[in-house]
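Scroll down for the structure; my scribbles are underneath it.
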Amino acid sequence: MKLFIPGPVTVQPDVLEKMTTQMIGHRSNDASVLQERISDNMRRLWNTSEMILLSTSSGSGLMEAAVRSCTAKKAAIFSVGAFGKRWYDMAVRNNVPADLYASEWGEITTPEEVDKVLKTGKYDLVTITHNETSTGVTNPITEIAEVIKKYPDVIFCADTVSSSAGVKFDVDVLGIDIIITSSQKCLGLPPGIAICNFSQKAVERAKKVENRGFYLDLLSLYNYILKKNYQYPSTPVLPLMFGLDYKLEQILNVEGAENRYERHKKMAERVRDWAQNNFELFAKEGYASDTVTAITNTRGIDVKALNKELGKRGMQISNGYGDLKDKTFRIAHMADTQMEDIEELLRNIDDILNL
Ligand SMILES: Cc1ncc(COP(=O)(O)O)c(C=O)c1O
């Protein structure tokens with residue numbers, strides 16, 4: 001089955017094979033070497049000189065960790081869909097003071113709104129969803145980052161779960177203190193490991209936060225890694241680390257990160273063209289994602305039936321998320337999907353729907 005859903009993605013056989021590497025001791029020098037190499041390569045991918053933290057969890061683990069470990073005063077949570085709202089729920093359930101600033105689904109978080117909210121001086125942490133997978137919207141992160149830079153006491157957290165490794169990030173230039181991604185999207189790995197950077201500014205903030213929890217305490221992770229030469233306090237998900245190590249080498253040195261971003265952009269353009277010719281885009285004009293396209297179901301097609309028929313042909317797309325089910329459907333174009341795969345998918349949808 002070729003997956004055109006926004007994660008988990010189809011994983012290449014050579015990556016799966018790497019993941020069956022025999023175990024090493026997680027307190028061995030080999031583990032230190034592996035984890036340091038992954039960190040160095042993540043730094044290259046994200047263009048950051050800050051510390052990299054790995055988490056044996058999916059991306060949600062690090063989202064929860066970030067808001068809990070680094071909010072001393074109050075968090076401003078900006079939401080443009082399901083995953084922004086999730087970040088707010090995490091704050092609430094962890095007793096972290098937070099306010100939610102939600103835009104209509106399909107819309108963006110505007111830099112003006114961020115400015116207005118931060119100007120109140122009430123907040124010392126802000127969360128932005130870069131690429132909202134539920135709506136297929138990409139927020140204008142560069143413009144938002146410029147605004148956040150005006151507030152040096154504010155920790156900038158960015159959810160790039162469905163965009164990192166498919167879209168370029170200059171993390172240090174943007175000033176992102178904690179950028180978060182998961183393995184099962186554009187990195188092209190199975191689910192189970194999440195990755196973030198942890199800036200020195202975030203370290204200093206976490207020191208001032210009293211109750212940071214245990215497993216997801218980013219400061220403890222940071223301190224442990226520093227002291228123990230890149231080793232982790234709990235047993236990490238070594239198979240995914242083998243896979244990530246291999247995949248990063250491929251992304252950076254075989255395909256090339258810039259080529260990978262260009263491939264994602266081209267696939268997105270193709271899917272958007274097709275969607276606009278046959279349906280409509282759900283995202284606000286000019287803000288449609290380069291990794292997943294949400295399509296408004298203007299023809300009232302039976303999305304479930306379409307997917308069933310596609311399944312017989314070895315392909316799968318996604319229905320709309322939550323309330324958007326059947327009102328929209330989504331085609332992901334991420335990780336190692338190639339333009340030929342997209343052409344094959346669109347040809348089959350045309351055939352099934354008589355477009
Ligand atoms: C934008 C976004 N944020 C956060 C998450 C949660 O990530 P995970 O499923 O890795 O916990 C997802 C998952 O789909 C997502 O798409």
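Brief remarks follow.
- A 1.4 Å probe run over segment 186-230, with the rest of the protein chains in place, finds 47 Å² accessible per residue.
- Expressed to the nearest 5 percent, the antiparallel share of DSSP beta bridges inside the chain is 50 percent.
- Over segment 51-198, Cα pairs under 8 Å with separation of 6+ residues give a relative contact order of 29 percent.
- Note on residue 1: accessible area is roughly 130 Å² with a 1.4 Å probe, heavy atoms of protein only.
- Taking a sphere under 11 Å around the Cβ of residue 35 and counting the other residues whose Cβ falls inside, with K and R at +1 and D and E at -1, yields a net charge of -2.
- Stretching residue 235 away from residue 347 to a fully extended chain increases their span by 35.8 nm, per 0.36 nm per residue minus the current alpha-carbon distance.
- Here the accessible area is traced with a 1.4 Å probe on the protein chains. For the chain, carbon and sulfur cover 48 percent of it.
- Mean separation of Cα contacts under 8 Å (6+ apart) over length of the chain, as relative contact order %: 24
- Spin-label zone in segment 63-79 - amide nitrogen under 13 Å from a point set 7 Å from the Cα of residue 211 along the C-beta vector: 68-69
- Put a plus charge on the Cβ of each Lys and Arg, a minus charge on the Cβ of each Asp and Glu, and nothing anywhere else: the dipole of the chain about its Cα centre is then about 920 debye.
- Fully extended contour minus Cα-Cα distance, from residue 20 to residue 113, at 0.36 nm per residue: 28.7 nm
- Rel. contact order, % - alpha carbon contacts under 8 angstrom, at least six apart, segment 256-353: 29
- Every helix of 4 or more DSSP H residues in the chain counts as -39500 (n - 2.57), and over all residues that averages to -12500 deg cm²/dmol at 222 nm.
- Positive-pole candidate from 155, 182, 102, dipole of the chain, charges at beta carbon: 155
- For residue 228, the accessible surface of its heavy atoms amounts to roughly 90 Å² (probe 1.4 Å, protein chains only, rounded to the nearest 10).
- Selection from 231, 331, 295 lying farthest towards where the dipole of segment 227-355 points positive, charges on Cβ: 231
- Kyte-Doolittle mean at least -1.0 and Cα axial length at least 24 Å: DSSP H helices in the chain: 29-46
The values are calculated or read from the model by the stated rules, or taken from the named source; none is laboratory data. Not measured: the values here are computed from a predicted model. A quick note on method: Cβ atoms are made from the backbone with ideal geometry, for glycine too, and the neighbour counts reach across all protein chains shown. To get the accessible areas, we keep the full protein, side chains included, count just its heavy atoms, and leave off ligands, DNA and RNA. Shrake-Rupley method; radii C 1.70, N 1.55, O 1.52, S 1.80 Å.
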